[in-house]
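Please see the structure below; I have some questions.
Computed from the coordinates by the stated procedures, all read-outs in this text should not be read as laboratory data. None of the values given here were measured: they were computed from a predicted structure. FYI the Cβ positions are ideal-geometry reconstructions off the backbone, even for glycines, and counts take in every protein chain you see.
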Amino acid sequence: MTKPVWIRHASQLATLAGGSSSPVVGAKMNELSIIEDGSIWLEDGVIQRVGTDEELELHYRERAKEAQIIDASGKLVTPGLIDPHTHLVHAGSRQNEFNMRLNGATYMEIMNNGGGIHSTTAATRAATHEELFAQSKQRLDQFLLHGVTTVEAKSGYGLTLEDELKQLEVARQLHEAHPIDIVSTFMGAHAVPREYKENPDAFVDVVIEEMIPEVARRKLAVFNDVFCERGVFTPEQSRRILEAGVRHGLLPKIHADEIEPYEGAELAASVGAVSADHLLRASDKGIEQMAEAGVIAVLLPGTAFFLMAESANGRKMIDRGVAVAISTDCNPGSSPTVSLPLIMNLGCLKMGMTPAEVLTAATINAAHAIRCAHEVGSLEVGKKADVTIFDVPDFMTLQYRYGINHVNTVIKNGTIVVAEGRLA
Ligand code: NIG
Ligand code: FE
């Protein structure tokens, strides 16, 4: 049995309480439910009590000796951060393409010439299960060091049934072996593999008839995602793929309006997607329809930054009533980072979001985007004891002192996994 953990005297304990039943929208995204001189007792992997230090002192005085006490004075305590959109499991690296892009080539040109997703697909197909596991585990360790305790992970670099299953199985094994919880998404429709270049509809049929049923049968994913983009999958193909997923119990997600406006946001609303992600070029109509249909916008400002494109308009989406979550999009092509705190900085600087909104977006709304808000995303009694402690006095400073890893301590399921900024 691990000892109880008692975090005391947080200068700000941002609980994010009150948003578990539905995604947080509008002005509520600015409400962090902060407790000053905050205190929290974690035991049996679960949050047992949250309040001021004075309140918890009354309650736990007698048991103080049993607990590992963490003095959080001068520090910010938040729910463990949640990354709701990653391409975690992959092999290889694309720094050559980075250099090509710096010299003027576009992301789509590189992909259409057989690089991009195709290059990572070749590397991922060639990698053994063990190699994929080892490389992805390193990334997970880095996520943990950046305060992240839950990640969504997509397949989509296999593009054959066997290779997609390999990625998803690695994700499942990592979920079991690593402190970070992984929620899996099947993304067989990430690119049309070169073998099907002349007949993309035949590949769509394979995704629908062979891959989705098998992934669902093995319970390897919760979500089904598609890259709906001109030159990749059309809105019609995307709709067929997402509807097929729904028939097998896989909830729809969509890479929408990333490079060009393509009515991806509208499609997300029409199929009742849990989230539409990217949305750099989403139309006003699409944004309106997402708000009405309750589709969460998962925004990825690191991708816009890294592709040197204009960011999604997070400000407009929030003002129009869309629930916004934020994510790294961690992948080897368009956003090779694990620093969710940096992405939050970009949310403020490039998407017009407030420091409070980006924290809501990376915790409770991120939890909703992967259907985990009943157990993570806020510091409330009964939820998993997933907590991040930053070496800054308040949430404003976390955004102001940007690009620095301020994580001091991470607790996952009640166990200290990062201490003094290092893996414990
Ligand atoms: O979210 N746009 C499609 N998928 C990823 C990039 C994948 C890659 O380039 O390897 C994204 O940007
Ligand atoms: Fe992505």
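Is there a pair in 28/316; 253/412; 253/285; 350/412; 28/412; 166/412 whose C-alpha atoms are over 22 Å apart, and which pairs would that be?
253/412; 350/412; 28/412; 166/412
Could you please rank 87, 175, placing first whichever residue has the fewest other Cβ atoms within 10 Å of its Cβ?
With the fewest neighbours first, 87, 175 line up as 175, 87.
Now a separate question. Tell me, what is the percent relative contact order of the range 81-370, built from C-alpha pairs under 8 Å that lie six or more residues apart?
Relative contact order for the range 81-370 comes out at 17 percent.
At q = 0.07 Å⁻¹, what log₁₀ I(q)/I(0) does the chain have when each alpha carbon counts as one equal point scatterer in the Debye sum?
Ignoring solvent entirely, the Cα scatterers give -0.31.
Once both axes come from the Cα atoms, what is the angle between helix 129-145 and the longest principal axis of the chain, in degrees from 0 to 90, rounded to 10?
Orientation of helix 129-145: about 40 degrees from the principal axis.
Which angle from 0 to 90°, rounded to the nearest 10, does the C-alpha axis of helix 161-177 make with the longest principal axis of the chain?
10
Determine which residues of the range 176-199 fall in the zone a paramagnetic label at residue 230 would reach in this model, i.e. backbone nitrogen under 18 Å from the point 7 Å along Cα→Cβ.
In the range 176-199, the label zone of residue 230 (backbone N under 18 Å from the point 7 Å along Cα→Cβ) covers 192.
Within a 10 angstrom radius of the beta carbon, how do 308, 396 rank from fewest other beta carbons to most?
Ascending number of Cβ neighbours within 10 Å: 308, 396.
Between residue 105 and residue 284, what's the calculated FRET efficiency when r is the beta-carbon distance and R0 is 30 Å? Round to 0.05.
It comes out at approximately 0.45.
What angle, in degrees between 0 and 90 and rounded to the nearest 10, separates the Cα long axis of helix 235-247 from the longest principal axis of the Cα atoms of the chain?
Rounded to the nearest ten degrees, it is 60.
Sticking with the crude label model, points 7 Å out along Cα→Cβ, report the distance from residue 68 to residue 131 in nm, one decimal please.
Using points 7 Å along Cα→Cβ, the separation is 3.6 nm.
Computed FRET efficiency, Cβ-Cβ of residue 113 and residue 422, R0 41 Å: what is it to the nearest 0.05?
Once the sixth-power term is evaluated, E becomes 0.45.
Given 0.36 nm per residue, what is the gain on full extension from residue 247 to residue 2 after removing their alpha carbon distance, in nm?
Extending this stretch completely gives an extra 84.0 nm.
What is the calculated FRET efficiency for residue 160 to residue 316, with r their C-beta to C-beta distance and R₀ = 56 Å, to the nearest 0.05?
Once the sixth-power term is evaluated, E becomes 0.90.
Going by C-beta contacts inside 10 Å, put 73, 11 in order with the fewest on the left.
In order of increasing Cβ crowding within 10 Å: 73, 11.
Using Cα positions and a limit of under 15 Å, work out the aspartates and glutamates in reach of residue 137, with same-chain residues fewer than 8 apart set aside.
Output for residue 137: 152, 169, 176, 181.
Here's something else I'd like to know. For every helix of n ≥ 4 consecutive DSSP H residues, a contribution of -39,500 (n - 2.57) applies; sum these over the chain, divide by its total residues, and give [θ] at 222 nm rounded to the nearest 500 deg cm²/dmol.
The helix contribution divided over the chain gives -10000 deg cm²/dmol.
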